[in-house]
Amino acid sequence: MAKIKIITDSSSDIPGEVSRHLNISTVPIKIEFEGKSYTDRVTLDTEEFYSRFEQSESIATTSQPSPADFHSTFVQAVQDGYTQLLSVHLSSTLSGTYQSALIARGMLLEEYPDIELQVLDTKTASYATGIAVVAAAKLLQESEQTTLEDCIKIIEEYTKKSKLFVIPATLKYLERSGRISKASAMVGTLLNIVPILSVTDDGKIGVVDKVRGSKKAMRRIKELLQQSLTPGSPISLAVLHANNYEGAQQLFSILSEDQNIVDSLIVPIGPAVGVHTGPGLLAAVALSV
Amino acid sequence: MLTKLDATLFLQMITAGSYNLQRNVEKVNALNVFPVPDGDTGTNMHLTLASGVQEMQKAGSSGSIGKLADSLARGLLMGARGNSGVILSQLFRGFSKLVDKQQNFVNTAQFIAAVRAGVDTAYKAVIKPVEGTILTVAKSAAAAAGKYKTSSDFIDVMRVLLESAQKALDETPKQLAVLKKAGVVDAGGQGLVYIYEGMLTALLGQSYDALGPEASIQPISEVIDEPKMHEESPLVVSSHNVQAGISPDEIEFGYCTEFLIDLTTDYRPIEKFSEEHFCETAQTLGDSLLIVADTELAKVHIHTERPGEALTFAQRFGDLLGIKIENMRKQHAALCEQEPEDEPITNNIEDIQEVSEYAIIAVLAGDGLVELFKSLGANVIVGGGQSMNPSIQDLLSAIESVSANQVILLPNNKNIILTAQEAVKLVDKTVTVIPTVNIAQGLAALVGFDVMNNVDENKASMLKLLEQSRSGEVTVAVRDAQIDEHTIRAGDYLGLLDGEIVQVNPDLFQAAKDLLDKLLSDDADVITIIYGEDVKRERAEELLKYVETNYPDIETDIQYGGQPLYYFLFAVE
């Protein structure tokens, strides 16, 4: 009887309790911060990161887990008796993590040719990836009959149907790390202009709109989400924040008003993504389920 | 009996008309119902007419009256500023169209027909003609003169024109409630009456003394408040480096070619010039085609791969003057000095290739505002001068200075909208005028611009933002006035909401605070406070604190605008 193991990396921002409960393995991203190396949410926790980040003079960077890191997680799973592994990661245009996992897959299959290992590029990031991983893990937990294909299918469904919209507090970190093009970054912060970002179909970050005022931005996100959600349908909603819980609550209440939310979560964005977004960022992921 | 009007006399008539208007500029300005310090009718009409007179004087009166009328129309067209200036230019443009170019003089019947043609043209230029304005005065005068067809004496005809204009002018308070309330006649109509008065004087052979106390005619250069446009070259934003986004291989027509065609060339046979015909052929040679022509001169601007062909074609219509040819690819290479940065993980190339050929032109006064608009994406700024009254030529120069084919124009003042609409008729490019009535509206609308969208999408989003935003202006009254229930004394501070006076107070900050209270009621989310050149930053910050204290949920922003005359501008959404 095939035993399926789901693996992801820490940029998926799945809260620790959730991944423990759902038996998801998380390979940590590496963070370089103030001259030291850390492993995301292992040796550097989210709270500490944000409190030091803003005061810090130095530029923080991230690097993907090495193939060896993935390899050891894969091997551990095999030794724990899993025969089918599914490794799910953020957009390959935003990070080399997916590539690393692919290389590790090659290494593993040489040693264990009978193991099935699939690596998926979700073409999105943070909890937009996480929400799909969680859906697959829940499916696994619900029924022993769930196959690897079922898991892959639900992940693809979630990543295709879900919409992610982001209100950054500033664009400077995104621009500095090259995740947003210079042309897109040419949006002033004058006049309280707030850009609204999203991830395109091919996994890149782009500016969708710009409005004045963060309240207007939140209302605009609601409009944008409604364009893609089936009216009246049950909705799975996650509100993400980079050290901005208050903002997340505000966004959540605006988005959930008059909506049939069946599944919701407020998700703190960890250091792996936080390094690139900077603090204050708010985002929403939603899809009709 | 004066039965013939020749070029010499015509020149004298118009010059006298201009002189009389100039002497009475302040009287006309004082009739402006709106006591705000810009958009003065008298000044605008005077500057417009002065430009026409200058053009006529250059041409000289040795030729036909038809040609002289053309020079007048051309000068008026280029110098037209403000609503009243534009209408005045249209009155004379229609007039000149009907005067035969070959004739050395006209008789009264022809003159009257031409005057009526002028009225038709002026009415056509205005989308919503309002009775009780200069249009009505001109119309009544022309109609009355028409009834005088039987007289062949110019003096009779001019007298009738003047008297019926005066009568119509006196009726204007009955036609426009706002005039009645203010107890004045229409300023534009009064300006026209002064012009007719001067014209009659010339016909009577009287010297300028007959018009009243001596006032020397100032040289045009002193009179015309040259907007900054002419001192600095048009500003092209390089922070966008939109130019860098267009690779030299993408420049399809590489030579920017400009020249004038002398349509009066007569030592060899030439083809008769018609704009449509010329356009048809010229369009096959390249793009960015711009033609401004009258009966003597055609100015042509085109981007083409084969400038020689364009010149050869143009020579069919006359000799070429002022030929300028620039290799845009070489120019472009100089602009693209900025190295693309180290390739980040995100692939930028797609973004850049999609940057479309746009240019945004905004009319502004204030150095801080220029910076603000540039950082929001404006490419060219037309300096409106103290009184925000650029001429048609000023706007044309700005439009011509950009190589983009899609131009968005923000007039940023009620008085410039008509000027902008007229300027747009003269160019070949697609120019979309977003009807912003003040600078705060201009800012609000500009936020809606996205270089990735097409022109219709941009127009829609900018107009939508105009609707959703509210603008406030705080300025000083330059004259006493009674507007609705507000009694205004010169020196009082005025608060305007979306262009309407809603607040009057002898104290600047009280006027500002009261205006803010009106602006921020209901559902305001954000406000940007822009302070002008006469305000110290600390004082502006007092207003900011006022908003933050009394309206803690509203997001605020404060910027230095440096604008003259308007102490504060508020852009609210």
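Check off (1) at pLDDT below 85; (2) surrounded by fewer than 18 Cβ atoms within 10 Å (Cβ to Cβ) for A:Ser184 and give me the number that stays unchecked.
Among (1) at pLDDT below 85; (2) surrounded by fewer than 18 Cβ atoms within 10 Å (Cβ to Cβ), A:Ser184 violates only (2).
What is the number of the single condition among (1) modelled with pLDDT of 55 or more; (2) more than 34 Å from the chain's Cα centre (by Cα) that B:Ile325 does not meet?
Failed condition: (2).
Which fully enclosed helices (runs of 4 or more DSSP H) of region B:1-106 have 2 or more residues being in contact (Cβ under 8 Å) with a residue 40 or more places away in the chain and within 30 Å of B:Tyr567 (Cβ to Cβ)?
Output list reads B:25-30, B:41-59, B:82-98.
Can you find even one residue in region B:515-527 that is open to solvent by less than 20 Å² (accessible area, probe 1.4 Å), among the small types (Gly, Ala, Ser) and away from every other protein chain (no Cβ under 14 Å)?
Checked region B:515-527: no residue is open to solvent by less than 20 Å² (accessible area, probe 1.4 Å), among the small types (Gly, Ala, Ser) and away from every other protein chain (no Cβ under 14 Å).
Determine the pairs where a residue that is without any contact (Cβ under 8 Å) to a residue 60 or more places away in the chain and more than 13 Å from chain A (Cβ to nearest Cβ), located within region B:544-569, has a partner that is open to solvent by 20 Å² or more (accessible area, probe 1.4 Å) and not in a strand (DSSP E or B) with Cβ atoms under 7 Å apart, the partner being 6 or more residues away or on another chain.
Filtered contacts from region B:544-569: B:Tyr546/B:Lys513.
Considering region A:82-94 alone, what residues qualify as being of a type in the set (Gly, Ala, Ser) and open to solvent by less than 40 Å² (accessible area, probe 1.4 Å)?
Result: A:Ser87, A:Ser91.
Here are B:Glu473, B:Glu533: which of them is under 19 Å from B:Gly366 (Cβ atoms), open to solvent by 70 Å² or more (accessible area, probe 1.4 Å), of a type in the set (Asp, Glu) and within 28 Å of the chain's Cα centre (by Cα)?
B:Glu533
A:Thr62 fails exactly one of the following numbered conditions: (1) of a type in the set (S, T, N, Q); (2) modelled with pLDDT under 95; (3) open to solvent by less than 30 Å² (accessible area, probe 1.4 Å). What is the number of that condition?
Every condition holds for A:Thr62 apart from (3).
So that you can scan it fast, the table gives a plain yes or no per residue for (1) under 26 Å from B:Gly491 (Cα atoms); (2) among the acidic types (Asp, Glu); (3) in a helix (DSSP H, G or I):
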| site | (1), (2), (3) |
| --- | --- |
| B:Glu541 | yes, yes, yes |
| B:Leu544 | yes, no, yes |
| B:Val547 | yes, no, yes |
| B:Asp553 | no, yes, no |
| B:Asp557 | no, yes, no |
| B:Gln563 | yes, no, no |
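Scan region B:123-138 and tell me whether some residue there is touching a residue at least 12 places away in the same chain (Cβ under 8 Å), farther than 18 Å from B:Val193 by Cα and either in contact with a strand residue (DSSP E or B) (Cβ under 7 Å, 6 or more places away or on another chain) or among the polar types (S, T, N, Q) (or both).
No.
Looking at (1) among the aliphatic types (A, V, I, L, M); (2) assigned to a strand (DSSP E or B); (3) within 13 Å of chain A (Cβ to nearest Cβ), find the lone condition where B:Val504 falls short.
B:Val504 satisfies all of (1) among the aliphatic types (A, V, I, L, M); (2) assigned to a strand (DSSP E or B); (3) within 13 Å of chain A (Cβ to nearest Cβ) except (3).
Being within 20 Å of B:Lys67 (Cβ to Cβ), in contact with a Gly (Cβ under 7 Å, 6 or more places away or on another chain) and of a type in the set (A, V, I, L, M) is the filter here, so list the residues in region B:96-126 that pass it.
Answer for region B:96-126, where residues must be within 20 Å of B:Lys67 (Cβ to Cβ), in contact with a Gly (Cβ under 7 Å, 6 or more places away or on another chain) and of a type in the set (A, V, I, L, M): B:Val99, B:Ala117.
Taking region B:528-543, which residues are away from chain A (no Cβ under 12 Å) and in contact (Cβ under 8 Å) with a residue 12 or more places away in the chain?
Those that are away from chain A (no Cβ under 12 Å) and in contact (Cβ under 8 Å) with a residue 12 or more places away in the chain: B:Tyr531, B:Gly532, B:Glu533, B:Asp534, B:Val535, B:Arg537, B:Arg539, B:Ala540, B:Glu541, B:Glu542, B:Leu543.
Identify the residue in region A:127-144 that is of a type in the set (S, T, N, Q) and either in a helix (DSSP H, G or I) or open to solvent by less than 10 Å² (accessible area, probe 1.4 Å) (or both) and, among all such residues, is modelled with the lowest pLDDT.
Among residues in region A:127-144 that are of a type in the set (S, T, N, Q) and either in a helix (DSSP H, G or I) or open to solvent by less than 10 Å² (accessible area, probe 1.4 Å) (or both), the one modelled with the lowest pLDDT is A:Gln141.
Let's see how each residue does on (1) within 14 Å of chain B (Cβ to nearest Cβ); (2) over 18 Å from A:Ser177 (Cβ atoms); (3) modelled with pLDDT of 95 or more; (4) open to solvent by 10 Å² or more (accessible area, probe 1.4 Å):
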position: A:Thr26; (1), (2), (3), (4): no, yes, yes, yes
position: A:Ile31; (1), (2), (3), (4): no, no, no, no
position: A:Glu34; (1), (2), (3), (4): no, no, no, yes
position: A:Ser51; (1), (2), (3), (4): no, yes, no, yes
position: A:Gln55; (1), (2), (3), (4): no, yes, no, yes
position: A:Gln79; (1), (2), (3), (4): no, yes, yes, yes
position: A:Leu117; (1), (2), (3), (4): no, yes, yes, no
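Kindly establish whether B:Ile155 is of a type outside the set (S, T, N, Q), at pLDDT below 95 and closer than 21 Å to B:Arg116 by Cβ.
Spelling it out, B:Ile155 is indeed of a type outside the set (S, T, N, Q), at pLDDT below 95 and closer than 21 Å to B:Arg116 by Cβ.
Each row is one residue, and each column tells you yes or no for (1) modelled with pLDDT of 50 or more; (2) basic (Lys, Arg); (3) closer than 17 Å to B:Leu321 by Cβ; (4) part of a loop (DSSP other than H, G, I, E, B).
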| residue | (1), (2), (3), (4) |
| --- | --- |
| B:Ala215 | no, no, no, yes |
| B:Gln218 | no, no, no, yes |
| B:Asp225 | no, no, no, yes |
| B:Phe259 | yes, no, yes, no |
| B:His277 | yes, no, no, no |
| B:Leu289 | yes, no, no, no |
| B:Lys299 | yes, yes, yes, no |
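Is it the case, given these coordinates, that A:Arg219 is without any contact (Cβ under 8 Å) to a residue 40 or more places away in the chain and surrounded by 20 or more Cβ atoms within 10 Å (Cβ to Cβ)?
no
What is the residue count in region A:253-277 for residues that are assigned to a helix (DSSP H, G or I) and open to solvent by 50 Å² or more (accessible area, probe 1.4 Å)?
Total meeting the criteria: 1.
Scan the helices (runs of 4 or more DSSP H) fully inside region B:374-490 and keep the ones with 3 or more residues being more than 25 Å from B:Ile87 (Cα to Cα) and within 14 Å of another protein chain (Cβ to nearest Cβ).
Output list reads B:439-447, B:455-468.
Are any residues in region B:403-458 touching a strand residue (DSSP E or B) at 6+ places or on another chain (Cβ under 7 Å), open to solvent by less than 40 Å² (accessible area, probe 1.4 Å) and small (Gly, Ala, Ser), and if so, which ones?
B:Ala404, B:Ala420, B:Ala440, B:Gly442, B:Ala444, B:Ala445
For the condition in contact with a Pro (Cβ under 9 Å, 6 or more places away or on another chain), more than 14 Å from chain B (Cβ to nearest Cβ) and in contact (Cβ under 8 Å) with a residue 24 or more places away in the chain, what is the one hit in A:Ala137, A:Ala101?
The unique qualifying residue is A:Ala101.
Hey, could you check region B:87-105 for residues that are modelled with pLDDT of 90 or more and of a type in the set (A, V, I, L, M, F, W, C) and say which is least open to solvent (accessible area, probe 1.4 Å)?
The extreme case among them is B:Leu88.
Looking at (1) touching a Pro at 6+ places or on another chain (Cβ under 9 Å); (2) surrounded by fewer than 23 Cβ atoms within 10 Å (Cβ to Cβ), which one does A:Asp9 not meet, given that it meets all the others?
(2) is the only condition that A:Asp9 fails.
The values are calculated or read from the model by the stated rules, or taken from the named source; none is laboratory data. Bear in mind the structure is a predicted one, so any value in this text is a computation, not a measurement. Here the Cβ is made from the backbone with ideal geometry for all residues, glycine too, and neighbour counts use every protein chain on show. When the accessible area is computed, the model is the full protein with side chains, heavy atoms only, and any ligands, DNA or RNA have been set aside. Shrake-Rupley method; radii C 1.70, N 1.55, O 1.52, S 1.80 Å.
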